[in-house]
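Participant: There's a structure below that I have some questions on.
The values are calculated or read from the model by the stated rules, or taken from the named source; none is laboratory data. All values reported here derive from a predicted model rather than from experimental measurement. For neighbour counting, all protein chains shown are included, and Cβ atoms are generated from backbone atoms with ideal geometry for every residue, glycine included. Keep in mind that these areas ignore ligands, DNA and RNA; they rest on the heavy atoms of the full protein, side chains included. Shrake-Rupley method; radii C 1.70, N 1.55, O 1.52, S 1.80 Å.
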Amino acid sequence: MRRVAVITDIHANLPALQAVLRRIDELDVDGVYCGGDLVGYGPHPNEVCALIAERAIPTIYGNYDHAIARDLEDCGCAYVTAHDRELGQRSVDWTLAHTDRASKDFMRALPFDLRFAVGETPVHLVHGSPRKVNEYLFQDKPARLYERLAAAEEAAVLVFGHTHKPWMRDYGGVLFVNCGSVGKPKDGDPRAAFAVLEAAADRVAARIERVDYDAGAVAREVAAAGLPAEFADKLVLAA
């Protein structure tokens, strides 16, 4: 494969996923991979799982998928305040109640990670980090953390998500690529985000693509579904 797209953190936002897949089809990629968190926070858990399955997109589980597939009440998310934790629990409760058995079975069968090659370059896809599904690899964490991860990494490219904030940088000869989020960006840009990896000489070049969709319409669906109004607001503000 010379060019692949990597999507992650869809979070039950079907219109965002559909818009991203349309853009990916325009790019004529050789493959599409998904870094997990298909569900949570959004109103379309079953539709998202069905579309990923229908497209036969190789997918790993995110921390949210792992919990909902097993009917667990803790999604493994990190919350700053008690209010955020309360909102998060409302999302878990709603998602558990509105995700059908077929979707739960689909997510339960997903692997922790995937490995593939772009050109001759090996790529490792995880959700949070190679160490833990819910570890947050933020751009501003100390370089020594990424140097340790690079020293333990067999692949030349490590692709991940979970933070919903895209970034990329080389540490210790390993290219770290955070894909951002398809359905719940947190970087101030409400457009859906995904990564494109392309073979270039003896390396892989990466870029982040952004795609417009009707976030306002999805926000109204979030509110109508009985999910917290803050989730609707964040779709539009990407905070």
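Participant: I need the full set of residues from the range 162-203 which are under 22 Å from ALA143 (Cα atoms), crowded, with 24+ Cβ neighbours inside 10 Å and among the β-branched types (Val, Ile, Thr), in order please.
Facilitator: Selection gives VAL177 alone.
Participant: In the range 15-23, is there at least one residue being more than 22 Å from LYS165 (Cβ to Cβ), open to solvent by less than 70 Å² (accessible area, probe 1.4 Å) and among the polar types (S, T, N, Q)?
Facilitator: Within the range 15-23 (the criterion being more than 22 Å from LYS165 (Cβ to Cβ), open to solvent by less than 70 Å² (accessible area, probe 1.4 Å) and among the polar types (S, T, N, Q)), the answer is no, since none of the residues qualifies.
Participant: Going through PHE116, PHE106, PHE112 one at a time, which residue ends up being in contact with a Cys (Cβ under 7 Å, 6 or more places away or on another chain) and open to solvent by less than 70 Å² (accessible area, probe 1.4 Å)?
Facilitator: The unique qualifying residue is PHE106.
Participant: List pairs: first in the range 57-73 and of a type in the set (Val, Ile, Thr), second at pLDDT below 95, Cβ under 8 Å, 6+ apart or cross-chain?
Facilitator: Here the result reads ILE68/CYS75, each pair linking the range 57-73 to a residue that is at pLDDT below 95.
Participant: Quickly run through the range 44-55 and pick out the residues that are among the charged types (D, E, K, R) and either assigned to a helix (DSSP H, G or I) or open to solvent by less than 10 Å² (accessible area, probe 1.4 Å) (or both).
Facilitator: Within the range 44-55, the subset among the charged types (D, E, K, R) is 47, 54-55.
Across the range 44-55, the qualifying residues are GLU47, GLU54.
Participant: Additional query: On the basis of being in a strand (DSSP E or B), out of contact with any Phe, Trp or Tyr (no Cβ under 7 Å at 6 or more places or on another chain), at pLDDT 95 or above and surrounded by fewer than 21 Cβ atoms within 10 Å (Cβ to Cβ), does ASP140 make the cut?
Facilitator: no
Participant: To continue, here is another question. So, of the residues in the range 30-43 that are without any contact (Cβ under 8 Å) to a residue 40 or more places away in the chain and more than 10 Å from the chain's Cα centre (by Cα), which turns out to be most open to solvent (accessible area, probe 1.4 Å)?
Facilitator: Here the answer is ASP30.
Participant: Taking only pairs six or more apart or across chains, which ones have beta-carbon atoms under 8 Å, a first residue in the range 107-127 that is over 17 Å from ASP37 (Cα atoms), and a second residue that is at pLDDT below 95 and acidic (Asp, Glu)?
Facilitator: That search, which allows pairs on different chains as well, returns GLU120/ASP202; THR121/ASP202.
Participant: Ok, one more. Residues in the range 145-161: is at least one part of a loop (DSSP other than H, G, I, E, B), under 27 Å from ASP25 (Cβ atoms) and at pLDDT 95 or above? Give the steps one after another, and end with the answer.
Facilitator: Residues of the range 145-161 that are part of a loop (DSSP other than H, G, I, E, B), as a first pass: 153-156, 161.
Now drop any that are not under 27 Å from ASP25 (Cβ atoms), which leaves 155, 161.
Pick out the ones that are also at pLDDT 95 or above and you get 155, 161.
The answer is yes; a qualifying residue exists.
Participant: Considering only residues that are part of a helix (DSSP H, G or I) and in contact with a helix residue (DSSP H, G or I) (Cβ under 6 Å, 6 or more places away or on another chain), which ones fall in the range 99-113?
Facilitator: Once the filter is applied, which keeps residues that are part of a helix (DSSP H, G or I) and in contact with a helix residue (DSSP H, G or I) (Cβ under 6 Å, 6 or more places away or on another chain), the range 99-113 yields SER103, LYS104, PHE106, MET107, ARG108.
Participant: From the list GLU86, GLU73, exactly one residue is more than 21 Å from PRO185 (Cβ to Cβ), out of contact with any strand residue (DSSP E or B) (no Cβ under 6 Å at 6 or more places or on another chain), assigned to a helix (DSSP H, G or I) and at pLDDT below 95. Which is it?
Facilitator: GLU86
Participant: Still on this structure, please answer the following. Could you tell me which numbered condition PHE116 fails, if it satisfies all but one of (1) among the aromatic types (Phe, Trp, Tyr); (2) in a helix (DSSP H, G or I); (3) within 19 Å of the chain's Cα centre (by Cα)?
Facilitator: The failed condition is (2).
Participant: Note down all Cβ pairs under 6 Å where the first residue falls in the range 216-238 and is more than 18 Å from GLY188 (Cβ to Cβ), the second is among the aromatic types (Phe, Trp, Tyr) and open to solvent by 30 Å² or more (accessible area, probe 1.4 Å), and they're at least six residues apart or on different chains.
Facilitator: LEU227/TRP94
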